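Input: a single structure, listed below in structure tokens.
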Amino acid sequence: MEVLIVGSGNMARGIGLRLVRGGHRVRIADREPDKAADLAAELGDSAAGEPLNNTAGAEVVVLATPYEGSKEVASMWAGELAGKTVVDICNPVDFATFDGLVTPAGRSAAEEIAAAAPGARVVKAFNTTFASRLANSTPLDVFIAGDDPDAKRTVSGLCLDADLRPIDVGGLKHAAALEAFQLLHMKVQDQIQGGWSTELAFKAA
């Protein structure tokens with residue numbers, strides 16, 4: 001499967017590594033093409049870097065960008081994303097305080113992104129996994145929320161190929177709970193010293 005990852009940061013790297021290991025073709029798109037090319041070179045022959053131009057040919061688009069950037073890309077590509085599976089991984093945390101989310105009350109980032117690209121089949125996934133754990137071979141749980149069953153099956157298949165266990169939590173409305181959960185997870189990292197994450201559930205199963 002051909003997957004377009006928007007962004008070239010640590011999460012793009014972690015997800016890209018997993019997908020390449022799982023046998024998928026990965027394209028990295030970034031407003032700074034040199035960064036996309038550098039990450040693609042790190043991922044290997046099954047990856048390519050490109051400017052942030054279009055989604056042509058991609059079956060799945062992963063928005064590995066911060067909340068506002070993901071909304072901007074979804075709006076910019078709203079027509080192109082119609083009918084495509086779009087994976088939102090962001091956590092809309094107020095990074096000034098780490099004490100709340102910046103989304104409108106009662107709305108998740110995933111729902112805001114879906115509203116910006118109303119024809120897209122948006123799935124919330126990967127927001128509860130840390131980039132460092134994605135980048136190695138640790139088995140991880142990936143919580144998935146979405147309203148389109150086929151899109152969730154597609155994302156679940158990618159997870160299984162990447163040695164990840166997908167856990168379907170229900171409709172896209174549950175993305176808000178996943179985002180709130182990860183806010184708390186971030187807040188307690190100094191107390192758990194980088195531990196816990198979601199691989200514990202995987203190991204206990």
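The values are calculated or read from the model by the stated rules, or taken from the named source; none is laboratory data. Everything numeric here is computed off the predicted structure, so don't read it as measured data. A quick note on method: Cβ atoms are made from the backbone with ideal geometry, for glycine too, and the neighbour counts reach across all protein chains shown. Ligands, DNA and RNA are stripped out before the accessible areas are found, and what is left, the full protein with its side chains, is counted by its heavy atoms. Shrake-Rupley method; radii C 1.70, N 1.55, O 1.52, S 1.80 Å.
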- prompt: From the backbone phi of the stretch 50-67, what are the Karplus-calculated ³J(HN,Hα) couplings (6.51 cos²θ - 1.76 cosθ + 1.60, θ = phi - 60°) in whole Hz, Gly and Pro given as x?
  reply: 7, x, 7, 9, 7, 9, 3, x, 7, 7, 10, 10, 9, 8, 9, 9, x, 3
message: Test of understanding: in a Gaussian network model of the chain with alpha carbons linked when under 10 Å, which of A56, A110, A131 would top the mean-square fluctuation ranking?
response: A56
message: At 0.36 nm per residue, and after removing the present C-alpha to C-alpha distance, how many nm does the segment from R153 to A78 gain when stretched out fully?
response: 24.8 nm
Phi to ³J(HN,Hα) by Karplus 6.51 cos²θ - 1.76 cosθ + 1.60 over the stretch 99-111, Hz, x for Gly, Pro: 10, x, 10, 9, 6, x, 4, x, 10, 8, 4, 4, 5
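Quote the charge dipole size of the stretch 19-108 about the Cα centre in Debye, to the nearest 20; the model charges only the Cβ of Lys and Arg (+1) and of Asp and Glu (-1).
320
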field: Long-range HN-HN contacts of L101 with modeled amide H, under 5 Å
entry: D94
Linear extension gain, A105 paired with D34, 0.36 nm per residue minus alpha-carbon span: 21.8 nm
message: At 1.4 Å probe radius, can you tell me the per residue accessible area of the stretch 1-127 in Å²?
response: 40
³J(HN,Hα) computed for each position of the stretch 20-27 - Karplus, 6.51 cos²θ - 1.76 cosθ + 1.60, integer Hz, glycine/proline x: 5, 4, x, x, 9, 8, 10, 10
field: Solvent-accessible ranking of L43, L160, largest area first, probe 1.4 Å
entry: L160, L43
task: Leaving out ligands and nucleic acids, note down the accessible area per residue over the stretch 135-181 with a 1.4 angstrom probe, in whole Å².
output: 42
query: Shape of the stretch 14-57 from its Cα gyration tensor (a ≥ b ≥ c, root eigenvalues): rounded if a/c is under 1.5, otherwise prolate when a/b > b/c, or oblate?
result: oblate
query: In terms of modelled amide H atoms, which long-range or inter-chain residues lie less than 5 Å from the amide H of A120?
result: G83
- prompt: With all protein chains present, how much of the accessible area of the chain (probe radius 1.4 Å) comes from carbon and sulfur, to the nearest whole percent?
  reply: 52
field: Largest-first ordering by accessible area, 1.4 Å probe, given options R153, R25, R121
entry: R153, R25, R121
- prompt: Of N136, A114, V73, whose Cα points farthest to the positive end of the dipole of the chain (charges on the beta-carbon: +1 Lys, Arg; -1 Asp, Glu; origin at the Cα centre)?
  reply: N136
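Based on Cβ point charges of +1 for Lys and Arg and -1 for Asp and Glu, what charge dipole magnitude is obtained for the stretch 104-189 about its Cα centre, in debye rounded to the nearest 20?
On the way: 9 positive and 10 negative charges, 37 e Å.
Approximately 180 debye in magnitude.
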- request: Compute the label zone of A115 within the stretch 53-78: residues whose backbone N is under 18 Å from the point 7 Å along Cα-to-Cβ.
  value: 67-78
- prompt: Where a ≥ b ≥ c are the square roots of the eigenvalues of the C-alpha gyration tensor, would you call the chain rounded, which needs a/c under 1.5, or, failing that, prolate if a/b is larger than b/c, or oblate?
  reply: rounded
